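Undergrad: Once you've had a glance at the structure underneath, I'll fire off some questions.
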Amino acid sequence: MNAAANGWQGELWLGIDHALLLGTPGSTHPHAHYAHQVMVGLGGDLQACIGGQYQCGPVLQVASQQAHALLGQQSPCLTLFAEPLAFTLDDLAKVGPAPGEAPERVMQRLQQWPRRALDPRLNEALSRIRALDEQRLPARRLADAAALSLSQLERLFSAELHTSVRRLVLWQRLRLALHAALDGASLTVAAHAAGFADSAHLSRSVRKQFGLRASDLLGRLRLHPFG
């Protein structure tokens, strides 16, 4: 069954650096995204191709930037997305969801979990990224805010966050756009509100990051902002 016939459906709790989905995930094309992903089946095994290998089981883990695809008709599950700048996979094994646990309880535990200490200059840059809106945010401006050269900022992101400035800005723009769309905005309005050129630009980014069309990701999800 393809993603178009099997879009994601359920309820989504959205935090600052993590999100939790309770429902049925759709099958996807191969993709990779910045967040770690943990899936906990609620009554059946889950199937995925992770890092080029088939995996099937009640709990599946996908590391940040690891290529993966969800396969076939999935069972209902809890799916956690968590940014690696805040959580390690070991953290998520301790604090992540358990079968039958209320999503609000999981979200409260994640919100209270101590984040790892980051270089203060990174914290300054991250605060600017978290405050993104439809305006452009050139990497040069982030470097100035952190009192670094552009090359120093890129090296700091690579060393501590294992991603680039551009990719983290894109991840935040996607978060803003998905929040707006799930809150009732059209894809065009959501795209412009998050700084994408148009809905087609947003759709391409969603497909690359999540392996399915924006309409399949957003069509049957109900949003619960958290924190």
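Any read-out appearing in this document is the output of simple, stated calculations on the displayed coordinates, not a laboratory observation. Everything numeric in this text was worked out from a predicted model, so none of it was measured. Every residue, glycine as well, gets a Cβ built from its backbone with ideal geometry; the counts of neighbours run over all protein chains shown.
Undergrad: Just to be sure I understand: if I project the alpha-carbon convex hull of the stretch 102-147 onto a plane and average over all orientations, what area do I get in nm²?
TA: Spelled out: convex hull of the Cα atoms, projected over all directions, averaged, 4.5 nm².
Undergrad: Measure nothing fancy, just the Cα-based angle from helix 165-182's long axis to the longest principal axis of the chain, in degrees from 0 to 90, nearest 10.
TA: The answer is roughly 50 degrees.
Undergrad: Beta carbons within 10 angstrom, averaged per residue: use that to sort the peptides 94-101, 57-64, highest first.
TA: The packing order, highest mean first, is 57-64, 94-101.
Undergrad: Roughly what % of Cα-Cα distances in the stretch 1-123 sit above 18 Å, to the whole percent?
TA: 51 percent
Undergrad: Residue-wise, which Karplus ³J(HN,Hα) couplings in Hz belong to the stretch 87-102, taking 6.51 cos²θ - 1.76 cosθ + 1.60, θ = phi - 60°, and x for glycine or proline?
TA: Here the 3J(HN,Hα) series is 9, 9, 5, 5, 4, 5, 5, 8, 10, x, x, 10, x, x, 7, 5 Hz.
Undergrad: Please list 3J(HN,Hα) in residue order for the stretch 107-121, calculated via the Karplus relation 6.51 cos²θ - 1.76 cosθ + 1.60 where θ = phi - 60°; whole Hz, with x for glycine and proline.
TA: For the stretch 107-121, the Karplus curve yields 5, 4, 5, 5, 5, 8, 5, x, 6, 5, 5, 10, 3, x, 5 Hz.
Undergrad: If contacts are Cα pairs under 8 angstrom and at least 6 residues apart, what is the relative contact order of the chain in percent?
TA: Normalised by residue count, the contact order of the chain is 26 percent.
Undergrad: Moving on to the next point. Can you give the convex hull volume of the alpha carbon atoms of the chain per residue, in Å³?
TA: Spread over its residues, the Cα hull of the chain gives 113 Å³ apiece.
Undergrad: Moving on to the next point. Ordered by residue, what ³J(HN,Hα) values in Hz, to whole numbers, does the stretch 145-152 give under the Karplus form 6.51 cos²θ - 1.76 cosθ + 1.60, where θ = phi - 60° and Gly and Pro are x?
TA: These are the phi-based 3J(HN,Hα) values: 5, 8, 6, 10, 6, 4, 5, 5 Hz.
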